[in-house]
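Notes follow the structure.
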Amino acid sequence: MFESLQERLGSILNGLTGRGALSQADVAAALREVRRALLEADVALEVVRSFIDKVREKAVGTEVLKSIKPGQMVVKIVHDELVSMLGEEGVPIDLNAAAPVVLMMVGLQGSGKTTTSAKIAKRLTGRQGKKVLMASLDTRRPAAQEQLRQLGEQIQVATLPVVAGQSPVEIARRAVQAARLGGHDVVILDTAGRTHIDEPLMVEMAEIRSASNPHEILLVADSLTGQDAVNLARNFDERVGVTGLVLTRMDGDGRGGAALSMRAVTGKPIKLIGTGEKMDALEEFYPKRIADRILG
Ligand code: GDP
């Protein structure tokens with residue numbers, strides 16, 4: 001297991017108790033440990049750098065209260081800054097638009113898009129009583145279309161029947177049309193991923209976007225993504241325009257640094273987190289919890 005930031009800083013800074021303000025040198029020593037902790041938690045390097053700069057600004061000159069140790073003081077500053085950078089908690093999926101509201105799910109292959117599409121559908125149909133239609137736009141992988149159909153059956157949510165030979169854009173149009181005719185409140189478009197970002201993928205996403213006018217574009221990403229998180233989030237946001245993030249596999253051993261990286265790069269809210277393979281393993285995002293996890 002990792003040593004917590006508190007433990008690491010304790011040994012460096014505890015000699016300071018009652019000595020007044022944190023000096024440049026104290027802070028520099030502490031920030032080396034903070035940097036190491038963030039990198040171990042898989043936060044991308046460029047995000048670590050800007051984070052450290054912010055914390056340095058806040059920490060230097062801070063009075064060390066008599067009642068707490070300087071290590072705890074730095075941990076508090078780091079923790080508060082992490083929570084602030086991770087953004088607001090519990091931002092709901094925005095359905096405030098004319099029906100059918102289109103939700104477009106984007107992300108790399110294997111990130112959990114199809115599973116998350118179904119989890120969201122289940123949540124909307126259950127708690128919120130919405131009528132939902134799901135459509136798989138993954139024409140390259142028939143197994144993906146079948147997977148969505150089976151999940152739909154399991155959670156009793158309609159899926160758009162597959163018509164052989166249609167392009168993703170054609171399927172998107174047909175899905176919106178079918179939802180309109182069928183009186184659905186929400187259409188969830190489960191787009192195709194690739195194993196890595198490439199130009200054809202970005203072009204396809206932009207075309208689907210134009211054809212279906214989604215109200216939300218949710219980037220689904222594996223929370224175990226390391227340094228690639230920045231690239232991934234930046235590309236999807238710049239090329240397709242993301243409105244929110246969903247981090248999957250938060251039930252795993254990862255420390256969740258990707259959450260910070262992706263939020264920092266896009267400024268878009270983390271709307272939900274996936275915590276398992278089951279259909280109800282979808283939770284609200286609480287920045288404090290992720291901050292604790294990142295700091296260990
Ligand atoms: P897609 O290729 O992006 O559509 O990914 P899938 O939805 O097919 O997910 C890939 C695998 O990850 C499947 O085996 C899912 O059950 C699993 N998965 C998805 N989300 C989570 C999650 O939050 N936690 C865990 N443990 N597994 C997940």
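The values are calculated or read from the model by the stated rules, or taken from the named source; none is laboratory data. Just so it is clear, the structure is predicted and the values come from calculations on it, not from any experiment. Neighbour counts run over all protein chains shown; Cβ positions are idealised from the backbone, glycine included. Protein only, heavy atoms only, side chains kept; ligands, DNA and RNA dropped before computing areas. Shrake-Rupley method; radii C 1.70, N 1.55, O 1.52, S 1.80 Å.
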statement: Per the 1/(1 + (r/R0)^6) rule, R0 = 22 Å and r from the Cβ atoms of Ala28 and Ser50, FRET efficiency to 0.05 is 0.85
query: What list of ³J(HN,Hα) values in whole Hz, one per residue of the stretch 75-80 in order, does the Karplus curve 6.51 cos²θ - 1.76 cosθ + 1.60 (θ = phi - 60°) give from phi, with Gly and Pro shown as x?
result: 4, 5, 4, 4, 4, 4
message: I'd like the Karplus ³J(HN,Hα) series for the stretch 194-205: coefficients 6.51, -1.76, 1.60, θ = phi - 60°, whole numbers in Hz, and an x wherever there's a Gly or Pro.
response: 10, 6, 8, 6, 9, 4, x, 5, 5, 5, 4, 5
query: Among 23-30, 196-203, how do they line up from the highest to the lowest mean number of other beta-carbon atoms within 10 Å?
result: 23-30, 196-203
task: Would you please give the FRET efficiency between Gln227 and Arg180, computed as 1/(1 + (r/R0)^6) with r the Cβ-Cβ distance and R0 = 51 Å, to the nearest 0.05?
output: 0.75
query: Ordered by packing density, taken as the mean number of other Cβ atoms within 10 Å over each peptide's residues, highest first, how do 123-134, 219-230 rank?
result: 219-230, 123-134
field: Principal axes of the stretch 119-264: Cα extent on each, largest first, Å
entry: 43, 34, 27
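Determine the percent antiparallel among the DSSP beta bridges restricted to the chain, to the nearest 5.
Taking every DSSP beta bridge within the chain, about 15 percent pair in antiparallel fashion.
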message: Please list, in order, the residues from the stretch 193-217 whose amide nitrogen is less than 19 Å from a point placed 7 Å along the Cα→Cβ vector of Glu88.
response: 215-217
field: q = 0.10, 0.11, 0.16 Å⁻¹: log10 I(q)/I(0) that the Debye formula gives for the chain, counting C-alpha atoms only
entry: -0.58, -0.66, -1.14
- request: On a 0 to 90° scale, report how tilted helix 257-266 is relative to the longest principal axis of the chain, with both axes built from alpha carbons and the result rounded to the nearest 10.
  value: 70 degrees
- request: Give me the distance in nm between label points sitting 7 Å out from Cα along the Cα-to-Cβ direction at Ala99 and Glu283, one decimal.
  value: 3.2 nm
message: Just to confirm, what accessible area per residue do you get for the chain at 1.4 Å probe, in whole Å²?
response: 45 Å²
- prompt: What number comes out for the charge environment of Leu160, summing +1 per Lys or Arg and -1 per Asp or Glu over other residues with Cβ under 14 Å away?
  reply: 0
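Out of the stretch 44-94, which trypsin sites (Lys or Arg not before Pro) are coil in DSSP terms and have no more than 15 other C-beta atoms within 10 Å?
For trypsin sites (Lys or Arg not before Pro) across the stretch 44-94 that sit outside H, G, I, E and B with at most 15 neighbouring Cβ atoms in 10 Å, the list reads Lys66.
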query: Between Val163 and Leu65, what length comes free when the chain is fully extended (0.36 nm per residue of separation minus the Cα-Cα distance, one decimal in nm)?
result: 28.5 nm
- prompt: So if R0 is 45 Å, what FRET efficiency would Lys131 and Leu39 give, r being the distance between their Cβ atoms, rounded to the nearest 0.05?
  reply: 0.45
task: State, in angstrom, two size descriptors of the stretch 180-255 derived from its alpha carbons: Rg to one decimal place and Dmax to the nearest whole number.
output: 14.0, 45
message: What's the longest uninterrupted piece of the chain once you rule out the GluC sites (Glu not before Pro) that are loop residues per DSSP with at most 13 other Cβ within 10 Å?
response: 89-276
- prompt: At a 1.4 Å probe radius, carbon and sulfur cover how many percent of the accessible area of the stretch 32-148?
  reply: 48 percent
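Using the Kirkwood radius over Cα pairs, work out the Stokes-Einstein diffusion coefficient for the stretch 114-183 at 37 °C and 0.692 mPa s, in µm²/s as a whole number.
After rounding, the answer is 267 µm²/s.
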- request: Starting from the Cα-Cα distance between Arg293 and Ile197, subtract it from 0.36 nm times their residue separation and give me the gain in nm to one decimal.
  value: 31.7 nm
Sequence-distant residues sharing a close amide H with Leu282 (under 5 Å, placed H): Thr275
